[in-house]
Structure formats: C-alpha cells, structure tokens
Amino acid sequence: MREMWRAALVIARRDFTAVVLSRTFILFLLGPLLPILIGMVFAGFTDKISSTDLRPVVGIAMPASETVRLERAHDRLTERMGDQALVRLRRVPTTPAPREQLARADSAVVAILSGTVARPVLTGKAEDLDRLQGDLSLIASAAQAENTLRMVQVRREEVATSNGAQAQGRLQIGRVAQIVMFFLTILLAGMILSNLVEEKTNKIIEILAAAVPIDAIFLGKLMAMLAMSFVGIAFWGGTAFAIFLALGGNGAAVPMPAVGWPVFLALAVIYFAMAYTLLGSLFLGIGAQAATVREVQTLNMPVTMGQMMIFFFASYAIDHMGKAPEIAAAIFPFSSPFTMIARAAQDDALWPHLLAIVWQALFVGLIIRVGVLLFRRHVMQSGGRWWKQLFRASTG
Amino acid sequence: MNGDTPGLAPAPAYALEGHGLVKTFGSFRAVDGVDIAVPAGTIYGVLGPNGAGKTTLLRTLLGIIDPDEGHRRLLGAEQPLRMARQVGYLPEERGLYPSMKAYEAIAFMGALRGLPLRQGRVRARAMLEGHGMGAAINKPIRQLSKGMAQTVQLFGTIIHEPRLIVLDEPFSGLDAINQEKLERLIREQAQRGVTVLFSTHVIAHAERLCERVAIVAGGRIRFEGTVDDARAQLRSQVRLRTRARDGAWRAALPGDATQEEGAWHFALPDGGIEPLLRALLDGDAGIESLSIERPGLHDAFVAIAGAAAAQQMRDDAEREALV
C-alpha cells in the first residue's frame, strides 16, 4: 500500500508540474474570470434593461379624467411597493374596439384597459389577462378610493435574530454552496476524461504499467488534477474576495451556516475534493477506455448531462431536509457531497459528515478499482472477469 | 538501489521463470504453453520473427499483462510488480512525455522504480554527459532526434541500477554506430552481474551477445539453450573439391553427399572427417580444398523454426534496414 502511494505521488508530481508549468495554465486560470469581468462591465447596462423595459405595458383607453385618476393611483402605489412591482401604464386613444387596436401592427401594449375606473374592461390574451388582472384591479381600486385611501403605517420592531430569517439565510447558503461546488466540478472534473489519452498515444502507458500498479497511475492522476483544481480555486476565490472587498462588501451581512463558517469552509473543501474525485475517478475510468481525443470529445456531452442530473437531484433534496429525498441524495455517492454541504449550512450535527466522508471515500476507492480492472481488461487485454479481482492486491 | 527492495536474501538461480504460460487475444494464442527460465547473470536472447509472440511473452513475464494459464516468477517473486524496483524495461514501442526535458525524463523513469528524484537527476546528467549528450540535457524530448530519444529512454531503463534488464527489440530503429554502443552497454551491464533479457528478430545481435537463447515461433518456444547448443542442432557442413573426378575413394563419401559446381557438399559424418581423409589420400583423389563449416545461429534457426520463419526474419531485418 505504501509503495502504491509512493508511486501515485511520483505520477501526481509529474502531471501536476506538467500542467501548472505549461503556458496554457495561465489561460486556464484567467478563463473563468473573463465572464465575471465582462458581466461587471455590462452590469449597469443590463440592470437598466431589466428594470425599465421588461415590465408589461398596458394601454389606458379611458376619458382623460379617468386616466389621470388611474395614473395618480399608480404613482401612489409605486411609492409604497417599489418600481418593479406594478405594470406600466400608457395612454392610448379611446376606442370602441380595443381588439382591433391590439391587432394593429404598431400596437406597443400587451392589453388595453377601457371603460371607466368604476367599471374597467381589460382586453388581451387569456394568459396576459391572468397575470395583469390583479395589478389593474388594485390600481383601479386605489383610483376609486382617491383621497379617502389612507395608507396604514407599519410600526417597526427590530430584533437581532429571527429563526425564520436564519433558516432562509442558511437555505440560501446551502444553495449557493451547491451551485459553486457544481460549477467548479463541472468546470474541472471534465478535464480528467482525456487524462490517459496522452499516455496511450505516446506509448508511455507501457513504461508506467511495467513499473507501478495501474491503481497508482489512476490515483496519481486524480491527485494531480485535484491539486491543480485547488490552485485554480485559490486563484479564483482570492480574486473574487478581492473584488468583494474592493466593492465595499460587508461580510457581517452574510448569514452564518449552522456549523459555523470555519467548519463549513473546511467541509466545503473536503466535499469538493470528494465530489471531484468521485466524478473524476468515474471519468478517468470512462476516458481510459477511449483510444483517441475524438472519442473523448464524444463522451463529453453525456458526461455533462450526467453531472446536471446529479446536481438537480441534490438541489431538489435541499428543500426536503431529513426526508427521504435528502437521505437518498446523501447516500447516493455522486450526489452525496452536494447534499451534505447543503446539510452543513442548515444543520449543526457533525457526525453525519464524518459518516458521509468515509462513505464517499470508500466509493472513490471502489470506482478507481473498477476503472483499473476495466482498463486492464479492455485496454491492456489482461486479467479475467473484473468483479472477481475487485479486492485482490494490485501488484501484478 | 538494491538495499531498499524486498526479497533480497539468497539471489534466485533464475532471474525469470515462466511455466505453462498461455496468453490469448480473442481466438489468437499469442503465447501457447511456454516454459522458460532465464539464469541470473546471463545475457539471454528471445529470437523470433515479428508476430511470433516475443513481446507478449516479455509483457507476461514482467507482469504488465496476466497470463490466461500458467505462472511466472520474477527475481523470485510470484507477483512481478513487487520486484519492479529491481527491473529495468525498455518496451518495443518507445514512449516519453514530449514536453519533458531529457534529464527529467530519465529521472522520472528512475523515480517510478523507486530512485529518489534528486538522485535520479544527478545520475541522469552524468549519464548524458558521459555519453556525449551534454547538449541535450535540458532539451525537451520533442526536440531530440529519434535515436537520441531512444538513448534517453535506454538510460531511463538503467538509471536505478536494476538487477534485471528487459529490452524488447532494443536495436530496432538504431543506426550501426548506436547498435554497437548498445551492444557495449549490454556487455557492461552483464559484467556487473546484471541479467539482460532482450528480444530481437536480428539473429546477428543474439549470436554476438547471448549466452543462451530461446527461439520462439507461433507463440511457442522451439528451442532453448546456449548458442552452441543451437548450432549443435545441425551437423557441420563439409565442402570438398578434388582433382580426380572419380575413383575408389568415392565409396567413402557419405550417402547424402551432393555435387555442385564441381564441389562435394555433405554433413560431417558421425565418425569425424579422418576416415574420409584416409580414403581420399589412399585413393589419390588429389584434395584441392577441404573446409568444415560450423553452422551459424541463423542456420540453426532455419532448422528449428522453419524456413518460412527464417525468411520472415530476413525480410523484417531488410525492411528495417531500408527504413
């Protein structure tokens, strides 16, 4: 066993230095930052688009006095409810046939409100009527009440903590942690698919297989890629933190996960490593069967789809803490790290994490072993039925 | 190096053993019931044409692939990879990481077999400088010529000072000068007590280097023994030219004697040449020339493996020379 770890480290060191010291690694580090930078540059612009243009516009086809009443009511409600809460109103010529007006090519409104404030008539498509009816009823009611409508003042009573808010905050942390872990895994683990192609095309696999157990080759490659991922994450995380500080971010406003930040971050690192090695060992096993880069590229899509399904399962489970879906997602090895990090955000018990980490590590070992045996069987054309050799020593 | 490896105590008489080895790929039996024993400290050749099963046999013995039947023992160990630190292996298909520097590639190959990386780097530099390749030390493999890259891989095979060196077609792709260098290196290793096992389809290398050979054809070992044993499979050939065309002396010629361009050819009789010589002198045959030629390994190979296999080996060698 000691010899296998030693050999794995030799391979890991070679792979790690080969990747990190290559010129393309700089692109690898900068790549994920580009969308963030571009997003920041265009943030103001896109924000404007979303706040002004995307609300539905309803045409008001009423006598002028009625229209003014509606507009005043709209303004008063907007003051209380915020800019984005209500539909936009636009004056259109009064018409006896709103249907025809809506059908005109230059019509820029979704629906037309005609009649009077007391008896308004809304004309439009059924699905638009469904979503606009409530807003317009509220505006018309406010217009009818005019000055008699008195806004009730809500008295504020501030408290330091609120269990409901805390639960909401922790749920959010769990979701964010899941999403971040998922994106990092999808971004980084897919690279492992092509990891053995170089050795196979350059015939180096023969040198390696003659000197060390294939288990050590697989393990070494996983260790190298995981280490490389941590370099990337440290770089991206550091940059994100620097941007957060530069923008005057307030860390105190961020809710606290159930297990506390230090334990949560440590668990996040461990669960990322587990998610990465679980998927990585699977990808390594699948990719090792491929003979060419083209075959690896073909495998990319189904593999990404598989990752998406695992993520959906884990994110579905987060809303069902302690219930069957969450327990199933925690037991299923591939979704387990994502489910457990969400659990760490919401529940302060630590023993389930110890259990989950051991469980996940067992599966990493099992998947590597199966991958190795399949590699020996189908690529090296050696060994018998793989399941018969699953627990035999790997010393050739 | 040898001090930190398991199973050191009494050195086994055989560096490599295989008994009843069978390896099939689909319906093709690449190795078909092979028994082989490579004595420790010898230079041992595995001869055979391409496709004879040499590479599969070596890979099976080294533990790269498992046999379907039979068992093997490498430096006394049933599980070959347990002795990996004491073995150096140069595969037929050469492989190095193209972006690695020459000395790093050598040190890496040593590290795979347990040599500390730092020590490997020092040795690698010394090896390259000692063989006139100092300029290549820091060059990436992709910038080296094929012959230089092959030499780098060979150094990587012996950097950790193994007790057993296995070379699969080591002369393939080398020019005459580098072939000569490689032969010298093999002899140097053998003088240090290292067992060297190599496969080749060029009989001349085996004839010059090997103490023992195994002739492989069709996945089976057709002969195993010393080069002299192989030659002894055939009787020496006698070539006789006489001035007299005929006489009583002709009755003394063996029954298989044939005449070609005025000369007699026949296998050396069991009783030796003396009775025939006496008959030639007594019968006034007038001996113009008499030569006794000991058969070469090639002749033995033809006799053992069959003319077709020998022809294939000649073709392989010629094709390679052209390349």
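FYI, it's all coordinate maths here, none of it is from the lab. Being a predicted model, the structure only gives us computed values, none of them experimental. All Cβ positions, even for glycine, are placed from backbone atoms using ideal geometry, and neighbour counts span all protein chains on display.
Residue ranges A:206-214, B:211-219, B:146-154 sort as A:206-214, B:211-219, B:146-154 when ordered by packing (mean number of other C-beta atoms within 10 Å per residue, highest first). Whole-Hz Karplus values for the range B:232-248 come out as 5, 5, 10, 7, 4, 9, 9, 10, 10, 10, 10, 6, 6, 6, 9, x, 5 Hz, taken residue by residue from phi with 6.51 cos²θ - 1.76 cosθ + 1.60 and θ = phi - 60°; glycine and proline positions read x. For chain B, the alpha carbon convex hull comes to 167 Å³ per residue, rounded to a whole number. Using the beta-carbon distance between B:Glu260 and B:Arg294 and R0 = 30 Å, what value does 1/(1 + (r/R0)^6) give for FRET efficiency, to the nearest 0.05? That pair, B:Glu260 with B:Arg294, gives E of 0.95. Here the dipole of the protein assembly as shown is about 1760 debye; that uses its Cα centre as origin and unit charges on the Cβ of Lys and Arg (positive) and Asp and Glu (negative). For the peptide B:52-61, the mean number of other protein chain Cβ atoms found within 10 angstrom of a residue's Cβ is 1.
Taking all Cα-Cα distances within the range A:131-174, those exceeding 18 Å account for 62%.
When DSSP beta bridges are limited to those with both residues in the protein assembly as shown, what percentage is antiparallel, rounded to the nearest 5?
Details: 39 of 65 bridges.
Rounded to the nearest five, the antiparallel share is 60 percent.
Of all complete DSSP H helices in chain A, those with a Cα span along the helix axis of 18 Å or greater and a mean Kyte-Doolittle hydropathy of 0.0 or more are A:2-20, A:126-145, A:163-188, A:214-246, A:261-289, A:293-317, A:351-378.
Working note: Debye formula, equal point scatterers on the alpha-carbon atoms of chain A, no solvent; log10 I(q)/I(0) at q = 0.06, 0.10, 0.11 Å⁻¹ is -0.41, -0.84, -0.92.
Write down the Å³ per residue value for the convex hull defined by the alpha carbon atoms of the protein assembly as shown. Write out the running numbers ahead of the final one.
Details: hull volume 182.5 nm³, N = 719.
In the protein assembly as shown, the Cα convex hull volume per residue is 254 Å³.
Each pair of Cα atoms in the range B:147-266 enters the Kirkwood radius, and Stokes-Einstein at 25 °C and 0.890 mPa s then converts it into a translational diffusion coefficient of 137 µm²/s.
Multiplying each eigenvalue of the alpha-carbon gyration tensor of the range A:238-366 by 5 and taking the square root yields semi-axes of 29, 21, 14 Å, largest first, rounded to whole angstroms. On a per residue basis, the convex hull of the C-alpha atoms belonging to the range B:50-176 measures out at 113 Å³. If R0 is 25 Å, the Cβ-Cβ spacing of A:Lys125 and A:Ala324 corresponds to a FRET efficiency of close to 0.05.
What percentage of all Cα-Cα pairs in the range B:69-130 are separated by more than 19 Å? Spell out each step's value before the answer.
Details: 828 of 1891 pairs.
Tail of the P(r) past 19 Å holds 44 percent of the pairs.
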